[in-house]
Every structure is written in C-alpha cells, then in structure tokens.
Amino acid sequence: MLEINILKLALGTASFGMDYGLFNSSGQLKLQQVKRILELAKTRSIKTLDTASSYGKSENILGQIEVSDWDIITKVSPVPNGILSVYDWIVSEVEKSLSRLRVTNIHGLLLHKTSDLKQNYGKEIWSALEHLKKSGIVQKIGYSIYETSELDDFWSNFKPDIVQAPLNIIDRRMIQSGWLRKLYKEGCETHVRSIFLQGLLLADRAMIPNYFKTWNNIWDNYHDWLLDVGLSPLEACLAFATSQNEISKVIVGVNNLSQVEEILNLRYRKAYNLPDKLFSVDKNLLNPSLWRLK
C-alpha cells in the first residue's frame, strides 16, 4: 500500500527567483505569491526549503520573508578559476547566502556539483564545510549529484549528512544501484528532486516537445499505465516518491498557489506496481542539462 506522505515534502524555490521549468508559463513568482505559498505550506507542517545561490534572486526573495523558522538547505556554486584560498571562498559564499536569507544558520549546505571534489582543492572544500558544521552555522553538509557514479567516487573520502539526487517513476537509478538503501543504512539523508522531471511526467501527451519523441515508447507506456491503475500523473509521481521509506525529503517545485493547493489536497492511498518497461537510464532523457530543445 502506497500513500502520499505530505510531511516528506520540501519546497523547491528555483521559481521563486527566476523563470524556471519546462512548462512554466507564469515566469518568476512575485513576492506576495511566494508569501502565500509559504503560508499555505506551513499550515500542513511543510517546513523545509531547498534553495541555492544560483537560483537567481531566490535567496533574496526568501530573505524578504521571515524564514528563520524554516529548515533551509542551500547550495554552493562550483569554485571559479583563480581563487587563492578555496576555504575562505566557501566560507565567504555561505556568509553571503546567510545575509541574503537574513538568517544566522541553516539546516543544510550542499555542494551544487561534486566536480570540485575531484580537484586538488577538494579536501580544502570539505574542510570548509566541516568547519561551518562544527561552528553551528550549518547543521548538515553534503552534495547534490546527477549520477549514482558520483557516490561511487566520493562516498569513501567525503561522507555527507545529506545527498540530493534525482528520482522519479522512470529514473530509478538510486534504487536500482542500491545506493538509496546504503545511504539509509549509513544514516545519511536522501533528498530527491526532479520527481516530475521538470513537468514532463505531468504534461499531457500532446504537449511533450519534439525532442522527447525519441522516447515515445516510454510516454505511451506511462500514460497507458496511468489509465490502467486509475491514477492522475500527480498522484502517481508523489505516491511513488514519498512512499520510499529510505527517502527523507521529496523536493517539489511549484509555479503558483493553485499547484500547492492541489498537492496538499491529495489523499491518494492505493497499492500498485510500476512496470519495468518505464525504467530508463538514458542520460539524454533523465538529465535536463543535456536536453536540446532548440
């Protein structure tokens, strides 16, 4: 029996600070819209915000709203070239995030990309994160990944408190690789994003851009399966992600208040199995940064 567990949800804030999302026709949200979204989410005990210094004005927008009682997770951008002291740069970047957010501490700090850990200053980066944790500025540290191979590469030398990874109905690499279970057993939180694959898994079949026609069999199987089990795309995506016991937080991005209301009003509870034919490991489908839409 699978259930939509609202308490696992965290709000993704990319659309708070920039025009974000494949099917976002509303553009960047206004300050008052963000306030109303946070107020509504809080009434249902959602208390985690996922943001980043690279999400446009997201941190600034949140800073204009009282968010000190939220569990905030932000991310540090990759280290630019020519930095003399990477340690000092990391600390400075976090201080800037705190200033924009108008808070004195945050729940989590993640590296936006693990590629920096491969550099000769990788240990210096991790030392800075550990310093921020020991000082109480940050409660938990970790990194955002795009491939499970990144955990193969970095887990032994840089053990995180939080790993953020993509996961959805057709992207089950975290489950199939065994990493989701391993992280859970090791006491590491797994926060998953892209549960709607930037809206592709919620879109009407006719609205899917031409680029994705390569995977027409997946879309056909997906929508046929939804009809067979009597689920809406939103119900299926949320039930799949939030029912995974090993997942701590499920990050959902929203473009307007009505989307939040729709999510919070769901009461789905039903048993179903995902067909294997929906599973894909094709990076050109699963990684939005590789999409060629023009």
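The values are calculated or read from the model by the stated rules, or taken from the named source; none is laboratory data. Keep in mind that this is a model prediction, so the values were computed, not measured. Note that we place each Cβ from the backbone using ideal geometry, even for glycine, and neighbour counts take in every protein chain shown. In case anyone asks, the SASA skips ligands and DNA or RNA and just uses the protein heavy atoms, side chains included. Shrake-Rupley method; radii C 1.70, N 1.55, O 1.52, S 1.80 Å.
Among all the aspartates and glutamates, which ones have a C-alpha under 13 Å from K96's C-alpha, if same-chain residues fewer than 8 places away are not counted? Output for K96: E59, D88. A cut-off under 15 angstrom between Cβ atoms defines the neighbours of L84, and their net charge, with Lys, Arg +1 and Asp, Glu -1, is -3. For the chain, the longest principal axis of the C-alpha atoms and the axis of helix 233-242 are separated by about 50°.
Under the rule a/c < 1.5 gives rounded, and otherwise a/b versus b/c splits prolate from oblate, where does the stretch 109-150 land using the Cα gyration tensor? Oblate, since a/c reaches 1.5 and b/c is not below a/b. Where a ≥ b ≥ c are the square roots of the eigenvalues of the C-alpha gyration tensor, would you call the stretch 189-237 rounded, which needs a/c under 1.5, or, failing that, prolate if a/b is larger than b/c, or oblate? Since a/c reaches 1.5 but b/c is at least a/b, the shape of the stretch 189-237 is classed as oblate. Probe radius 1.4 Å, ligands and nucleic acids ignored: give me the carbon and sulfur share of the accessible area of the stretch 206-258 as a rounded percent. Carbon-and-sulfur percentage of accessible area, whole number: 48.
Can you match Cα extents along the principal axes in Å to one of these, (i) 78, 53, 40; (ii) 77, 73, 32; (iii) 56, 42, 41, based on a calculation from the structure here? Computing Cα extents along the principal axes in Å and matching it to (i) 78, 53, 40; (ii) 77, 73, 32; (iii) 56, 42, 41 gives (iii). Looking at this model, which pairs from K118/K182; K123/K159; K75/K283 are more than 20 angstrom apart at the alpha-carbon? Beyond 20 Å: K118/K182; K75/K283. Expressed to the nearest 5 percent, the antiparallel share of DSSP beta bridges inside the chain is 5 percent. Each peptide among 60-67, 115-122, 138-145 gets the average number of other Cβ atoms lying within 10 Å of its residues, and from highest to lowest they stand as 138-145, 60-67, 115-122. Neighbours of P288, meaning other residues whose beta-carbon lies under 12 angstrom from its beta-carbon, give a summed charge of +2 when Lys and Arg score +1 and Asp and Glu score -1. Leaving out ligands, DNA and RNA, what percent of the accessible area of the stretch 14-158 is carbon and sulfur, probe 1.4 Å? Percent of accessible area from carbon and sulfur atoms in the stretch 14-158: 44.
With the whole protein complex present, L7 retains an accessible surface near 110 Å², based on a 1.4 Å probe.
Ordered from highest to lowest accessible area with the whole protein assembly present and a 1.4 Å probe, D282, D69 read as D69, D282. Please label the shape of the stretch 80-140 as rounded, prolate or oblate, based on the square roots a ≥ b ≥ c of the eigenvalues of the alpha-carbon gyration tensor (a/c under 1.5 means rounded; beyond that, a/b larger than b/c means prolate, else oblate). Note, shape of the stretch 80-140 comes out prolate.
Rounded to the nearest 10 degrees, the angle from helix 31-43 to the longest Cα principal axis of the chain is 80 degrees. For the stretch 144-250, relative contact order (Cα pairs under 8 Å, six or more residues apart, normalised by length) works out to 31 percent. Accessible area per residue for the chain is 47 Å², calculated with a 1.4 Å probe on protein heavy atoms, without ligands, DNA or RNA.
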